[in-house]
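The values are calculated or read from the model by the stated rules, or taken from the named source; none is laboratory data. Because the structure is a prediction, the values reported are computed rather than measured. A quick note on method: Cβ atoms are made from the backbone with ideal geometry, for glycine too, and the neighbour counts reach across all protein chains shown. Remember, those area values only see protein heavy atoms, side chains included, never the ligands or the DNA or RNA. Shrake-Rupley method; radii C 1.70, N 1.55, O 1.52, S 1.80 Å.
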Amino acid sequence: VEGEKVNTHITTLTRFLTEEQVKHKEATGDFTLLCHALQFSFKSIAYYIRRATLVNLTGLAGSSNITGDEQKKLDVISNDLFIEAMRSSGKCALLVSEEEDEVIYFKDSKNARYAVACDPIDGSSNLDAGVSVGTIFAIHKLAEGSTGTKEDILKPGTELVAAGFTMYGASAQLVITMKGGSVNGFTLDQGVGEFILTHPDMRIPKKRAIYSVNEGNSLYWEDNVKSYFNALKEAPDGQKPYSSRYIGSMVADAYRTLLYGGIFAYPADKKSPKGKLRILYECAPMAMVFENAGGQAVDSKMNRMLEVVPEHIHDKAGIFMGSYDEVEKVKAFHKK
Ligand code: AHM
Ligand code: MG
């Protein structure tokens, strides 16, 4: 571009992954290849979502998943894209998907050492309205000597080797974090078809007066949850009351919370005593991102979300996550 300085020092996701691999002497390159397969699934899901209204991909598929949600056409397509990407990578031994009742084992991937959990399209109730949705993923390493069993995925989030999510919004964003590492954000450049590092070392603000919760459920909330959210609006000591922001796609609500700070919650309540969001592919990966960005995530009993161990692959939990101080406030209300 004339007169404009073009930045040629760009970190693509591919380069980022290669540089990460070099940092780990023991790395075999398997994890990098798995991430390349993930990256392809994100790009193709983003592509189909963008074209959905034009090529008749909106609406229902006529089936429902384990949780009883009616599946949208795009839920089914994205799930198939994700499964195929994991199968063809040769590095994934087993996969848990929100859209599949049972664990999928890739028996042909003989030397695969990873187990993956995913929600191919989170927030799918928003799809037909063109509101942001995204993909959530969590990666575990198989136990030493294991060829891949359910036990390799029914583990607490503290054991995750990597996790993250995408958000297909005004642009496609990818947030990824690895064990003990920082959180990095990438933006898909449609022109070159690459995720570009645009948000290195993301840190969530320590506090912010924004809350994000489906307030329509307040009738069913436990008393301490009610009094906590009321307190945010009552604004004690002459402070400004909190602002409310709720999109209804966790990926979008989480992405905003990560950037601006605040609190996102989907508490367990009298109607759903175990909460709504699923541990393996919704709560745990988000908790890892938030903790590695300097925030916190807890369940409805105020246990650290990353330490919650699911018994079954689709188990749910209540969740509160966000800025460090905002989660401290939630905890304080649960001690009362
Ligand atoms: P989904 O995976 O079937 O899309 O459901 C998960 C979504 C989250 O993205 C969001 O936080 C929540 O469900 C919204 O639920 P509600 O409509 O009850 O507020
Ligand atoms: Mg979901």
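A compact table of results
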item: Degrees between helix 73-89 axis and first principal axis of the chain (Cα, 0 to 90, nearest 10); result: 50 degrees
item: Residue (of Val22, Pro273, Asn303) at the positive-pole extreme of the chain, dipole from beta-carbon charges; result: Asn303
item: Label-to-label distance, nm, for residues given as Glu307 and His24 (7 Å Cα→Cβ offset); result: 2.5 nm
item: Accessible area of the chain belonging to carbon and sulfur atoms, whole % at 1.4 Å probe; result: 50 percent
item: Hits among lysines - C-alpha to C-alpha of Lys5 under 23 Å, sequence gap 8 or more where chains match; result: none
item: Principal axis box of the chain, alpha-carbon based, largest edge first, Å; result: 57, 56, 47
item: Cα-based reach from Lys91 at 24 Å (exclusive), listing lysines while leaving out same-chain residues under 8 positions away; result: Lys23, Lys25, Lys43, Lys107, Lys110, Lys141, Lys150, Lys155, Lys179
item: Acute angle (nearest 10 degrees) that the helix 250-260 long axis makes with the longest principal axis of the chain, alpha-carbon atoms; result: 70 degrees
item: Angstrom value of the Kirkwood radius, inverse mean 1/r, which spans all Cα pairs in the stretch 95-164; result: 13.3 Å
item: Computed [θ] at 222 nm, helices only, for the chain once each DSSP H run of length n ≥ 4 contributes -39500 (n - 2.57); result: -9000 deg cm²/dmol
item: Qualifying lysines (Cα of each under 17 Å from Cα of Lys331; at least 8 residues distant if same chain); result: Lys206, Lys207, Lys226, Lys301
item: Between helix 30-51 and the chain: long-axis angle, C-alpha atoms, 0 to 90°, nearest 10; result: 70 degrees
item: In nm, spacing of pseudo-spin labels at Lys233 and Lys107 (7 Å Cα→C-beta vector); result: 5.6 nm
item: Translational diffusion coefficient (Stokes-Einstein; Kirkwood radius from C-alpha pairs) of the stretch 10-143 at 20 °C, 1.002 mPa s, in µm²/s; result: 136 µm²/s
item: Estimated inter-spin distance, Leu54 and Arg245, nm [label 7 Å along Cα→Cβ]; result: 3.0 nm
item: Counting all C-alpha pairs of the stretch 113-204, share separated by more than 15 Å (%); result: 66 percent
